[in-house]
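Following: one structure in structure tokens, then a few remarks.
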Amino acid sequence: MEEALRIVRPEEAGARGFGKVFAFLREQLLNGTIRPGDRLIAERELAVQLGVSRPVLREALRALAMLGVVEIRQGMGTVVRRPDVSVLGEFFTFVLAQHSDITDDVMQARIAIECQAVRLACQRAQESDFNRLREALERIESTIDEPVAGGLADFAFHQLLVEAAHSATLRSVYSAISDLLTRSHIARREVVRVSPEMRAHLVEDHRRIFIALLSRDERQVDETLREHFAIGHEFRLRNAMEAARRPVAPQENTP
């Protein structure tokens, strides 16, 4: 009896309403009933069909519009869109930003994506992919002493590795964490400026990855890429330990 008489809060009803609308669109898209570019049925009819109020339906559609799933057009109704993966990337960045010490976890995801991507690239990479990678390699060498430009060149090379796999799924997932990866590349390049050894490692290691991919040997390119990540991790740990051992300069007393 107590459960039957429980008051349903508006936000709870809204959450369930959103779930119904989202599930409806998901199923309709998966089974091919509706496709990007199709217009949904009228709000009144859709609300009745889903068993939600029209205000709840509108809120759900507005939320889906912000995610890029639908577009609400004045005088035309709601049109299904092909979602822009950049929206997912921005959302993903905000989510991860709420977690501390997320860098290592993102790095592990990056390794998994890139290692699978280079294996696929051995089978699928085209001449245009190799040309873009060669140009990216040249940019890495020419910007080796520039933290921002060098970090962007480094990221571009690895992004091109993923694109050479010609896998829409891998490309989309990688794009979702691209902002975090770009920041990470630039931050690491701040360290490169004080480490000549790491400068040489960056240029030569990327060249080794490129040559391994040219051979189209899946095992070789996978091992070369993993070695690249391992050596980079070692350099970062060494730098962190050296920074921790440096004496802290005494602060001057100011009048």
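The values are calculated or read from the model by the stated rules, or taken from the named source; none is laboratory data. Not measured: the values here are computed from a predicted model. Glycine also receives a Cβ, built like all others from the backbone with ideal geometry; neighbour counts cover every protein chain displayed. For accessibility, only protein heavy atoms count, side chains too; no ligands or nucleic acids. Shrake-Rupley method; radii C 1.70, N 1.55, O 1.52, S 1.80 Å.
Report, by residue number, each residue of the range 1-35 that is part of a helix (DSSP H, G or I), small (Gly, Ala, Ser) and modelled with pLDDT of 80 or more.
Once the filter is applied, which keeps residues that are part of a helix (DSSP H, G or I), small (Gly, Ala, Ser) and modelled with pLDDT of 80 or more, the range 1-35 yields Gly19, Ala23.
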Residues being without any contact (Cβ under 8 Å) to a residue 40 or more places away in the chain and open to solvent by less than 60 Å² (accessible area, probe 1.4 Å) - total across the range 31-42:
1
Does Asp105 count as buried (at least 17 other Cβ atoms within 10 Å of the Cβ), among the acidic types (Asp, Glu) and modelled with pLDDT under 95?
no
In the range 36-46, anything in a helix (DSSP H, G or I) and in contact with a Gly (Cβ under 9 Å, 6 or more places away or on another chain) is listed as Glu43
Result of the Cβ filter at 9 Å on the range 60-80, keeping first residues that are under 17 Å from Ala47 (Cα atoms) and partners that are among the small types (Gly, Ala, Ser) and assigned to a helix (DSSP H, G or I), at least 6 apart or interchain, is Ala60/Gly14; Ala60/Gly17; Ala60/Gly19; Ile72/Ala65; Thr78/Ala65
Which ones in the range 50-65 are outside any loop (DSSP other than H, G, I, E, B) and touching a helix residue (DSSP H, G or I) at 6+ places or on another chain (Cβ under 8 Å)?
Leu50, Arg54, Val56, Leu57, Arg58, Glu59, Ala60, Leu61, Ala63, Leu64
Mind checking which pairs have a first residue in the range 197-213 that is under 13 Å from Phe157 (Cα atoms) and a second that is among the basic types (Lys, Arg) and surrounded by fewer than 17 Cβ atoms within 10 Å (Cβ to Cβ), Cβ under 8 Å, 6 or more apart or different chains?
Phe210/Arg134
Which members of the range 153-190 meet the condition of being more than 19 Å from Asp105 (Cα to Cα), open to solvent by 40 Å² or more (accessible area, probe 1.4 Å) and not in a loop (DSSP other than H, G, I, E, B)?
Glu163, Ala168, Thr169, Glu190
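Considering only residues that are polar (S, T, N, Q) and surrounded by 17 or more Cβ atoms within 10 Å (Cβ to Cβ), which ones fall in the range 124-152?
Correct list: Thr143 only.
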Verdict on Arg81 being open to solvent by 20 Å² or more (accessible area, probe 1.4 Å) and modelled with pLDDT of 95 or more:
no
